[in-house]
Structures are given as structure tokens and as C-alpha cells.
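One structure is given below, encoded as C-alpha cells.
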Amino acid sequence: MTRTDFFCRFMEAMEINSATLIGHSYGGRVIIKLATRKSIPFEIENNSTEDEYEEINNVPQSVPLQSPSVFAEPKAEETPEEKEIEFSIEENQAIEKADEEEFKLYDPTKDLEFYQKPTLDLFKTYAPQQNINVEEQNKNKDRIVEVLNNFDVEITSIKATVGPTVTLYEVTPGPRVRVSRIRSLADDIALSIAAKGIRIIAPIPGKGTIGIEVPNTKSVTVPMSEIIGSKKFQDSDFQLPIALGKTITNEVFMLDLCKMPHVLVAGSTGQGKSVGLNAIITSLLYKKHPSELKLVMVDPKMVEFSMYAPIENHFLAKMPDATDAIITDVKKVVETLNSLCVEMDQRYELLKDAGVRQIIEYNDKFINRRLNPEKGHHFLPYIVVVIDEFADLIMTVGKEVETPIARLAQKARAVGIHVILATQRPSANIITGVIRANFAARFAFRVSSSLESRVILDSNGAEQLIGRGDMLIGTGSDLTRVQCAFVDTPEVERITEFISKQQSYPTAFLLPEVESEEEGNDLSKVDLAKRDVLFAEAAQIVVSMQQGSTSFLQRKFEIGFNRAGKIMDQLEVAGIVGPSRGAK
């Protein structure tokens, strides 16, 4: 029977003159406004006799339906029944409103809700610096024009743009001048100006001019506080913003690590490579909450990243059995990288179960409570892997370290794992074709030869840089010259000290353990009579979730690695889980 048929039969049975069908309220109930006959006493519902009850309810099935006119508008005069029903509707609306207030989005920052990001006063204050020397600019401009005229190169205009380290002179050639002719005069122009080294951009992309970059006699330091405090950085909506410094036009240069998605940093010793890595890490610490970002640091030199040790429980990630979060033992690097590959595979399983393709979509679903945590879903923080000296790793462990890095570079972008690889030896046997193919973004500091420049950037130019943070950045076909921001070691120490004094997690972010297939587990000494007190609960969780590992039990019960491993051994001997396959 349809709702309309039921409504008409109900009116006929109750001898109702008119009524209005309101609709479905909260809970699926049908609300009807009634206007009863005046001749029927109001108490009839409670005081009717048994005969009257049967007369009302035993209505023949062949009673003709009322005309659709029963849906007419209600009378202006309200009866007590109408007032009572309208009050019920208001109650239902209040219940719906209360339910909406109770439904709140998941906030990953609530675990450390009192955490405060570092402040700008932690940086060193620099005195204002003047980087424009009008006399020097006019002198260089006249000498450039003189050299071009001496070689019969006609130009129609020349314009100078002064940057922190170099000045860009934009030359508009005449209609019959070949671009290669001006490019071949680079050494002659450098000789005339007596500059350390010039770089010619012929032509400038997007412009009908040729650029001649001439180093300034006195370079200007770009403070990191000026970059972090800029409106461009503060208002940025990048997922992983990296603020590097200033361009030739004195604009703040920023990139999104999520879009690059992996970075190769190279340069000779003492040219600003370590400062550049600190600038990258510092910009991430100033922008992200500890629940949103985790860092894996590999430091074979043992001294470059030691200043970040105090923020282990806030931002760092490590293996469950590792004593220090910053990896200095070369033998542990391969194990950590393989663990990251396991983490990558596990994240892809979560994305597949959620029906999404990227970490942004997955976290958005989880924040909106559309994924069930009881099925293993959880908020996924970004993981940034920073490797300081890649050449030492290649010389020590060779292909064992190159293979997991190549895997991460090829697949890890979608699940929020990004790699920053740095080396002071940019040769072809260190930066192999596999690495170059998967690291699209290149940061090049000064190198000694054009051959090393081509290894890093696939083009010349890095050998013409003047050092002290002067760098070329390539994220595609174009190269951008940037003066890297300067952040000193005491500044980084003040930042990490500020973070370390705040509320933190109990431990660092734990990566999945990787079990060697060769070693295996000796289960002959496992005594089920001495089961762990968490054995039964662990068995129920593993069976219900249909997955189990040592790191899984660590996260569920917040216990140590050794205890979780013993529970897994007991579960295997009891036949609840099968033998281990890698990390599963």
C-alpha cells in the first residue's frame, strides 16, 4: 500500500474532515496535521468503549479513497492537536541540529593541540644592507656595450636588474644579429669587466632579449628570517613549502616539494650545500605540524644533522630497534630504506582500500570520517628522507642502497614519501642514470667543471657560479638563478630547542621493521606456557583485522619492539599467524 492510500484510509477510518500530510521527519515518522470534527470530544481516544473501538477499526477494504482535496491547506485556526504536532517537529529539528554539532571533522593536530610553531625572533637580526651601486652598474653597462660594438654586434637597448649576488643585463640585439655570436663573446665580456665569471642566457625564456649575468663586487646576504617572514611564505598553500632564497629580481623563491617530487642537490665542498639543506628543513619546520610531517635523516658524516636530535619525538622517524633517529651507521641505511619501501607498500594498500589515488585524497577522506580506523586506516603524515652524502653510501654499500632509493623515487610520490639526495661528488658513477631519471628537480651549487654541471643539470652553467650560496635550480627545461638564504647553526639550534620544550609524542615515528629472510626466527625456544598477558587480545585483533606484524602490535598496544616481536613469535607457534614474509 502506498503512503497516499494509507493516508486516505486512515482519514476515512478516523472520520476526519481535512488534514495535511507534512512528510517524513527525523527517524522516518510521518507527520500529519489534523483538523477534527467539533462533535467528537477530545477525550475519545482514551475513553472510547470496546464497541466503538471495533467500529472505528473494522473498516471494509472496499471503502473508496478520498479525493486528493484532502491535501488542502490547513485551517487558520489551530487545534490543540496541531500545536502538539508542531512542537514535535521542532523537537526533531533540535535533535538533527544536535547530531550535526556532535559530528566533527577529525583533527590530526589534537594529539599535540598546544604545540606552537617556531617564531621569527629565533633568527639572527641583520642590519639593513644596500645592494645597488649605481656607479658600478653604469660602468659595467658601458663596457658591455663597448665590447659588443667592437665585434660589430648591434644592440637596440640594454637594461639592468640588480639582485643580491649578480646583476642581470638584458640586451635586445639588432634584427640581423645571430644569438650564437653574442654567446661566443662570454669570455671577452668577462675580460673587459674583470668579473669572476659571467653567464649568458641566450635567449631569456619568454622574452625577446639576451641575458648577461655579471657578479656584483659586493654580494648581499639573504637572511632566512626575511624569507620565512615574507607574505609569500606565510600565505602559501603548498603542501610542503620549501623557501630557498631570492631570485635576481629580489623575489622570494619557493617550491612545493610535493610537486617536484624528489630533489637532487649537488655542489663542490664549501659552496653552500649544507646551508641549503638546513634552509629546506627549516622552512618545513616553520610551516608544518608534527602530526603532518616526519623526517628521516641519513648523515654519514655524523655532524651535519646532529643539531636536529632534540626534536626526535616531534618530527623524526626511525626504525623500532634504533637508538638514535639520525642514521650515522652506513649499514643501517639500507635497512631504513628498505623499511621505507615497506611503508610505501603498506600505504598503497590503504589507498587501494580507500579507493583513492593520492595521499591528499586519502587524508581528506579520513578527516571527514569516511574511513574506518578499526580496519587499519589512519592519518598519513608526509615523510621526507634527507640523505646528506650519497657518494659515501655508493662507495660503501653500492647497489644495495641505490635500489631502494630508485624504488622510492619511482613510486613513493603518491603516498607522501619524498627524497632529498645531496652529494659533493657529482660524477657519472655516483649520480647514475637511474638516479638522474627519477630526480627531476636539481639544485646545483658551484662545481669545478662543465662536465659535472651537465651531470647535475644536463647543461652548462653551474661552473660559472660564484659560490657562497649562489645556485641554479632546474625543475624542468628552465634554470633559475637563486641566492640561497643563510641560516646559521646557532639559529637552527635555537629552533630545535624551542620545539623540544613543547608537548611531544612518546617516541619518534616508528617505521615498519624489516626481517631478513636469511636470518629467520628460531621458534624452538618459544614457550606457550609463558604467554604474554596481551597474547589473547593480540590474537583477537590479528584475526579480526586479517593482518599482523610487529610494528602493527606496537602501534595498537604502545609497547616496545622486543615485546611485540615475542608476541608475534607466540602467535606463530600457536598457529594463529603464518611464517613471516619480509615485514608481513
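The values are calculated or read from the model by the stated rules, or taken from the named source; none is laboratory data. Everything quoted here is computed from the prediction, not taken from an experiment. FYI the Cβ positions are ideal-geometry reconstructions off the backbone, even for glycines, and counts take in every protein chain you see. We work out accessible area using only protein heavy atoms, side chains counted, and drop any ligands, DNA or RNA first. Shrake-Rupley method; radii C 1.70, N 1.55, O 1.52, S 1.80 Å.
Look through the stretch 128-147, keep the residues that are surrounded by fewer than 15 Cβ atoms within 10 Å (Cβ to Cβ) and within 46 Å of the chain's Cα centre (by Cα), and return whichever of them is modelled with the lowest pLDDT. Step by step, filter the stretch 128-147, then rank; the result is 130.
Does residue 93 satisfy the criteria of being surrounded by fewer than 13 Cβ atoms within 10 Å (Cβ to Cβ), polar (S, T, N, Q), modelled with pLDDT of 90 or more and more than 29 Å from residue 219 (Cβ to Cβ)? Steps first, please.
Working: surrounded by fewer than 13 Cβ atoms within 10 Å (Cβ to Cβ): yes; polar (S, T, N, Q): yes; modelled with pLDDT of 90 or more: no; more than 29 Å from residue 219 (Cβ to Cβ): yes.
For residue 93, the condition - surrounded by fewer than 13 Cβ atoms within 10 Å (Cβ to Cβ), polar (S, T, N, Q), modelled with pLDDT of 90 or more and more than 29 Å from residue 219 (Cβ to Cβ) - is not met.
Contact map, the stretch 541-563: first residue within 17 Å of residue 349 (Cα to Cα), second residue open to solvent by 90 Å² or more (accessible area, probe 1.4 Å), Cβ cut-off under 7 Å, separation 6 or more or different chains; pairs are 549/584. The residue that is modelled with the highest pLDDT, among those in the stretch 301-328 that are assigned to a loop (DSSP other than H, G, I, E, B) and open to solvent by 50 Å² or more (accessible area, probe 1.4 Å), is 328. All of 428, 412 fail the test of being among the small types (Gly, Ala, Ser) and modelled with pLDDT of 90 or more, apart from 412.
Meeting the requirement of 3 or more residues that are at positive phi and open to solvent by 60 Å² or more (accessible area, probe 1.4 Å), no helices (runs of 4 or more DSSP H) wholly within the stretch 356-457 can be named. Pairing each residue of the stretch 447-459 that is among the charged types (D, E, K, R) with any residue that is open to solvent by 40 Å² or more (accessible area, probe 1.4 Å), provided the two are 6+ apart or on different chains, yields C-beta distances under 7 Å for 454/460. Number of residues in the stretch 458-475 that are at positive phi, under 31 Å from the mean Cα position of the chain (by Cα) and either at pLDDT below 90 or assigned to a strand (DSSP E or B) (or both): the value is 2. Scanning the stretch 365-386 for residues that are modelled with pLDDT of 95 or more and not hydrophobic (A, V, I, L, M, F, W, C) yields 381, 382. Might you let me know whether the stretch 247-254 holds any residue that is among the hydrophobic types (A, V, I, L, M, F, W, C) and under 12 Å from the mean Cα position of the chain (by Cα)? No: the stretch 247-254 contains no residue that is among the hydrophobic types (A, V, I, L, M, F, W, C) and under 12 Å from the mean Cα position of the chain (by Cα).
Find the residue count for the stretch 136-158, including only residues that are touching a residue at least 24 places away in the same chain (Cβ under 8 Å) and of a type in the set (S, T, N, Q). If you could, list the steps in order and put the result at the bottom.
Just the residues of the stretch 136-158 that are touching a residue at least 24 places away in the same chain (Cβ under 8 Å), to begin with: 136-137, 140-141, 143-144, 146-148, 151, 153.
Narrowing further to those that are of a type in the set (S, T, N, Q): 137, 140.
Adding up the residues that qualify gives 2.
Filtering the stretch 548-584 to residues that are at pLDDT below 80 and not in a helix (DSSP H, G or I) leaves 558, 560, 579, 580, 581, 582, 583, 584. Kindly indicate whether any position in the stretch 209-219 is buried (at least 18 other Cβ atoms within 10 Å of the Cβ), within 36 Å of the chain's Cα centre (by Cα), more than 19 Å from residue 478 (Cβ to Cβ) and not aromatic (Phe, Trp, Tyr). Yes, the stretch 209-219 contains a residue that is buried (at least 18 other Cβ atoms within 10 Å of the Cβ), within 36 Å of the chain's Cα centre (by Cα), more than 19 Å from residue 478 (Cβ to Cβ) and not aromatic (Phe, Trp, Tyr).
What are the residues in the stretch 423-447 that are of a type in the set (A, V, I, L, M, F, W, C) and under 28 Å from the mean Cα position of the chain (by Cα), if any? Selection gives 431, 434, 435, 437, 439, 440, 441, 443, 444, 445. Looking across the stretch 263-290 at every residue that is open to solvent by 10 Å² or more (accessible area, probe 1.4 Å) and among the polar types (S, T, N, Q), the one that is modelled with the highest pLDDT is identified as 278. When the stretch 235-251 is filtered for residues that are free of Cβ contacts under 8 Å to residues at least 60 places away in the same chain and either open to solvent by less than 20 Å² (accessible area, probe 1.4 Å) or among the charged types (D, E, K, R) (or both), the ones remaining, listed by number, are 235, 237, 241, 242, 251.
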